[in-house]
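Inspection log for the structure reproduced underneath, given as structure tokens.
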Amino acid sequence: MEDLEAFAEAAQVSARGDEAAALLHRVFDLRVSAGELDAAAEVAFWLWWVLLNNNQFVQASGWLKQTSRTLGAAMGNSLWLRIPEAMFQATTGHRSRAEQLLSAIIDEGQGEVVPWALSMWGQTLIDQGRLDDGLDHLEEAMAILVDQDLSPRVTPWVYCAAVRGCCLARDFARARDWNRSMGRWLDSLSSLGGAYLGNCRIYRSQLMLLNGAWTEADDEIAAVCADLEGYTGWVGGHAFYQLGEVRRLRGEWDAAEDAYRRAAENGCPTQPGLALLRLAEGDIKAASAGIRRALTEVTATPDRLDLLKAATTIYLEQGNIDAARDAVAEFEKSTENLTTPVIKAELSGIQGALALSEGNPGSALPLLRLAAGTWHEQNAPHERARLNVLIGQACRALADEDGARLEFSAAQETFERLGAHPDLAQLARIVGVPDAASASHGLTRREIDVLWLIAQGHTNRAIANELHISERTVHRHVSNIFTKLDVDSRTAAVAHAIKNRIVELGPLQPDHS
């Protein structure tokens with residue numbers, strides 16, 4: 001039986017879920033026949049987990065009911081079989097009951113069930129906004145992982161829970177440390193793929209993106225998505241959402257749209273990424289509607305903070321100062337007992353952006369500089385560069401053109417190095433077009449990008465290649481530009497744009513060659 005169970009574990013971690021389920025079912029029957037009910041209960045848990053990861057949710061639920069009849073009293077005595085109940089309680093909002101179950105497992109248990117329960121409890125606490133408590137539980141689970149030789153099917157669960165929890169809690173220093181350890185383990189299993197290990201690689205891509213290794217982040221998540229082709233379920237959805245995030249930041253709009261669609265097909269939420277994509281495309285109405293809808297649904301504190309941060313950006317771009325104030329106020333209230341440096345930086349960043357939009361650049365500057373300093377310490381160049389832009393705008397509003405130019409130049413260098421094409425285009429507009437001059441033409445941000453490339457002499461095909469969109473989309477943008485500027489040719493559009501300072505060909509324009 002031990003050999004059969006070892007084969008089942010190998011099948012499980014190498015993405016052969018159906019084979020793993022069949023083998024575990026056979027081992028379960030053998031354990032029951034031998035009267036080894038405690039061991040059978042642990043096998044029953046792993047079969048439930050395999051079915052769950054195969055997206056066979058009905059079968060997983062039915063298997064637990066069948067197991068209950070087969071094992072009788074041994075079912076209630078099994079610590080492993082309390083985990084499904086704890087997961088159900090946590091996901092249905094009964095977190096206190098989930099904590100009671102997990103606490104009992106940890107107090108009474110030994111072996112691998114303890115780090116498993118600690119990891120689940122840590123994630124549950126972080127979702128509630130109890131970040132320090134959650135991180136303590138995850139650190140305890142990681143200590144067990146480091147000190148003991150855990151099985152290949154438990155190891156990825158502990159690693160993924162730890163790195164995910166740190167990312168949600170914004171403890172990126174600890175996330176990097178654990179990610180390095182996870183990376184060495186993953187690389188030792190480079191021949192394996194599938195959903196079971198793919199989830200760990202998703203978090204590795206997230207940290208690469210944060211650290212400015214955008215090409216590596218893209219390569220990593222694209223490989224995960226290719227490996228999961230044909231797989232349906234939450235891991236696949238999570239992977240495609242991360243792919244959408246990478247492609248959105250790089251300005252590959254159509255690819256990002258497709259990735260978010262694939263995420264939705266696999267049951268994964270697509271916000272705030274999709275709303276920020278709409279914002280980047282210039283469809284502020286759709287961006288605002290999407291983020292408002294998401295805020296009516298999401299309750300987990302870390303996820304809600306992500307939405308509120310994006311909502312502030314969208315509302316300020318929309319000119320809806322009251323809505324932005326409300327978003328900032330909720331962020332403040334939600335984080336009043338959370339003191340991690342990154343959360344304080346996120347709050348300072350949106351407070352500074354709001355103050356700048358309200359016409360208070362003097363109040364905005366110290367907030368923005370505090371946020372920028374923290375992101376610099378966190379080795380997060382994109383976040384830092386976006387704050388450089390806001391600081392530059394505040395300096396300009398205070399008539400400090402030298403200070404503004406230095407901030408804009410620092411942002412441009414980072415955006416060029418990362419390949420952040422949308423940010424480069426936005427920076428070019430900010431540098432070249434005073435706010436008062438940009439209010440009357442009615443062009444979206446994407447239409448201005450297209451118009452600037454027309455001014456460079458690019459054809460529709462070249463523009464499509466540069467902006468990573470289809471020629472049909474470019475044609476639609478060009479038609480909209482002609483209508484809004486009341487012109488009937490590309491030459492007339494460019495002449496109007498230069499005359500009215502909608503675009504300028506100065507040295508801080510992005511290099512589209």
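The values are calculated or read from the model by the stated rules, or taken from the named source; none is laboratory data. Source: prediction; values computed, not measured. FYI the Cβ positions are ideal-geometry reconstructions off the backbone, even for glycines, and counts take in every protein chain you see.
Tallying residues that are in contact with an Asp or Glu (Cβ under 7 Å, 6 or more places away or on another chain) and in contact (Cβ under 8 Å) with a residue 40 or more places away in the chain within region 119-129 yields 0. Considering region 343-381, the residues that are acidic (Asp, Glu) and part of a helix (DSSP H, G or I) include one that is surrounded by the most Cβ atoms within 10 Å (Cβ to Cβ), namely 346. Return yes or no: is residue 235 at pLDDT below 95, within 24 Å of residue 203 (Cβ to Cβ) and out of contact with any Gly (no Cβ under 9 Å at 6 or more places or on another chain)? Answer is no for this residue.
The set of residues in region 72-126 being in a loop (DSSP other than H, G, I, E, B) and under 30 Å from the mean Cα position of the chain (by Cα) consists of 92, 93, 94, 112. Take the residues of region 1-30 that are among the charged types (D, E, K, R) and either more than 14 Å from residue 42 (Cβ to Cβ) or touching a helix residue (DSSP H, G or I) at 6+ places or on another chain (Cβ under 6 Å) (or both): which is surrounded by the fewest Cβ atoms within 10 Å (Cβ to Cβ)? For region 1-30, the residue satisfying everything is 3. Scan region 293-336 for residues that are touching a residue at least 60 places away in the same chain (Cβ under 8 Å) and over 17 Å from the mean Cα position of the chain (by Cα) and jot them down. Result: 334, single match. Residues in region 130-169 that are surrounded by fewer than 20 Cβ atoms within 10 Å (Cβ to Cβ) and in contact (Cβ under 8 Å) with a residue 40 or more places away in the chain: 151, 152, 153, 167.
Within region 82-98, the set of residues being modelled with pLDDT of 90 or more and crowded, with 19+ Cβ neighbours inside 10 Å comprises 82, 83, 84, 86, 89, 98. Here residue 411 meets the list (1) at pLDDT 85 or above; (2) farther than 24 Å from residue 209 by Cα; (3) in a helix (DSSP H, G or I) almost entirely, failing just condition (2). Condition check: under 23 Å from residue 318 (Cα atoms) and at pLDDT below 90. Does residue 470 satisfy that? Against the criterion (under 23 Å from residue 318 (Cα atoms) and at pLDDT below 90), residue 470 does not qualify.
Can you find even one residue in region 266-279 that is at positive phi and in contact (Cβ under 8 Å) with a residue 24 or more places away in the chain? Taking every residue of region 266-279 in turn, at least one turns out to be at positive phi and in contact (Cβ under 8 Å) with a residue 24 or more places away in the chain. A search for C-beta distances below 7 Å between a residue of region 457-470 that is closer than 17 Å to residue 255 by Cα and any residue that is modelled with pLDDT under 85 and surrounded by 20 or more Cβ atoms within 10 Å (Cβ to Cβ), counting only pairs 6+ apart in sequence or on different chains, returns 467/449.
Restricting 51, 37, 30 to residues that are in contact (Cβ under 8 Å) with a residue 12 or more places away in the chain and under 24 Å from residue 118 (Cβ atoms) narrows the list to 51. Scan region 438-483 for residues that are charged (D, E, K, R) and more than 18 Å from residue 278 (Cα to Cα) and the total you get is 3. Scanning region 31-39 for residues that are modelled with pLDDT under 95, surrounded by fewer than 19 Cβ atoms within 10 Å (Cβ to Cβ), more than 35 Å from the chain's Cα centre (by Cα) and of a type in the set (D, E, K, R) turns up at least one hit. Condition check for residue 427 on (1) among the hydrophobic types (A, V, I, L, M, F, W, C); (2) outside any helix (DSSP H, G or I); (3) within 30 Å of residue 474 (Cα to Cα): one failure, at (2).
A single entry from 461, 384, 472 fulfils the requirement of being within 23 Å of residue 364 (Cα to Cα) and basic (Lys, Arg): 384. Residue under question is residue 62, and the condition is that it be part of a helix (DSSP H, G or I) and surrounded by fewer than 19 Cβ atoms within 10 Å (Cβ to Cβ); does it hold? It is true that residue 62 is part of a helix (DSSP H, G or I) and surrounded by fewer than 19 Cβ atoms within 10 Å (Cβ to Cβ).
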